[in-house]
1. Testing M246 on (1) touching a Gly at 6+ places or on another chain (Cβ under 8 Å); (2) surrounded by 19 or more Cβ atoms within 10 Å (Cβ to Cβ); (3) not in a loop (DSSP other than H, G, I, E, B), one condition comes back false. Which one is that?
2. Give the residues of region 43-94 that are polar (S, T, N, Q) and in contact with an Asp or Glu (Cβ under 8 Å, 6 or more places away or on another chain), sorted by residue number.
3. Looking only at region 61-74, decide whether some residue is at pLDDT below 90 and either surrounded by 14 or more Cβ atoms within 10 Å (Cβ to Cβ) or not in a helix (DSSP H, G or I) (or both).
4. Mind checking which residues of region 30-55 are of a type outside the set (S, T, Y) and touching a His at 6+ places or on another chain (Cβ under 9 Å)?
5. From the list S210, S194, exactly one residue is among the hydroxyl-bearing types (S, T, Y), under 27 Å from L68 (Cβ atoms), touching a residue at least 60 places away in the same chain (Cβ under 8 Å) and in a helix (DSSP H, G or I). Which is it?
6. So which pairs qualify, if the first residue must be in region 125-140 and within 23 Å of A203 (Cβ to Cβ), the second must be part of a loop (DSSP other than H, G, I, E, B) and of a type in the set (D, E, K, R), the Cβ gap must be under 8 Å, and the two must be at least 6 apart or on different chains?
7. Contact list please: Cβ distance under 8 Å, first residue in region 213-237 and under 17 Å from S55 (Cβ atoms), second residue surrounded by 17 or more Cβ atoms within 10 Å (Cβ to Cβ) and among the charged types (D, E, K, R), pairs at least six apart or on different chains.
8. Among what's in region 86-135 and is among the aromatic types (F, W, Y) and closer than 22 Å to N218 by Cβ, pick the residue that is surrounded by the most Cβ atoms within 10 Å (Cβ to Cβ).
Amino acid sequence: MKLRSLSIPYVGWMALFVVTPVIIILVYSLTNSTGGFTFENFSSMGGYVSVFIRSFYLALISTAVCLLIGYPVAYILSKERPRVQRLLLMLIMLPMWMNFLLRTYAWMSILENTGLLNRLLTAIGLPTLNIINTPGAVVIGMVYNFMPFMILPIYSVIVKIDRSLIEAAQDLGAGSASVFRKVIFPLSLPGILSGITMVFVPAVSAFVISQLLGGGDNMLLGDLIEMQFLGSSYNPHLGSAIALVMMVVVMLCMWLMNKFGAGEEQAVLL
């Protein structure tokens, strides 16, 4: 009974700052400006299908790029000496100590038409690139900001793999490629799925990156929701409906990934 009482502050905190806001969003999404019940907020979302598609499309690309870069980094990092691992982990987490907005502004100065990248290309005689205010710039910003969330979960799983399993596979005649394909990669799937979730969820709801690096032509769901609450298109009821739909879709994606991960873990054990 005493142990249960210790959880009361946490339950109260969750109820106040997690459950209550969700209930408020649900109520707003199902009512109009006069407080009457309506589904009009959901039906009017049809005009923003392109924003939904763009948001999930760029989030998927960013997640895929983070996985393609992050997995090799995490794998190489796990094979280094402990002292080198600590140093490299600090370097990976170092950008996270800086304000998110400042990091995005830094990329603006790098990617803009007269930025550092184009100055460097001009100095070595190469043509300049028009990257700023494009979907590519948004992807670059997302990959840079969310890459640590992919590397760290994968690294934490790979570094804990029992080395006796790898040695056993090698003793049975498996080469390096076979050991990676049949032992290391399957056992690292929980880290991969955690990394995908931790990158995809913030990427699909990002709005500062798209505003600063994507310009006005690359609106994402985060920008659309902000417009309904703080912008000129003030309509918190529509904004709540969009936020609710996005939350349901994200939770569905997380459930599918967790279900897939559980199935893969059972297959590996068998």
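1. Every listed condition holds for M246 apart from (1).
2. Listed by number, the list is empty, since nothing qualifies.
3. No: region 61-74 contains no residue that is at pLDDT below 90 and either surrounded by 14 or more Cβ atoms within 10 Å (Cβ to Cβ) or not in a helix (DSSP H, G or I) (or both).
4. Result: L30, N32, E40, N41.
5. Working: S194 fails: touching a residue at least 60 places away in the same chain (Cβ under 8 Å).
Exactly one residue qualifies, and that residue is S210.
6. Pairs found: I132/E112.
7. Within 8 Å, the pairs are N218/R54; M219/R54; L220/R54.
8. My answer is W107.
The values are calculated or read from the model by the stated rules, or taken from the named source; none is laboratory data. The shown structure was predicted, so the numbers you read here are calculated from the model rather than taken from an experiment. FYI the Cβ positions are ideal-geometry reconstructions off the backbone, even for glycines, and counts take in every protein chain you see.
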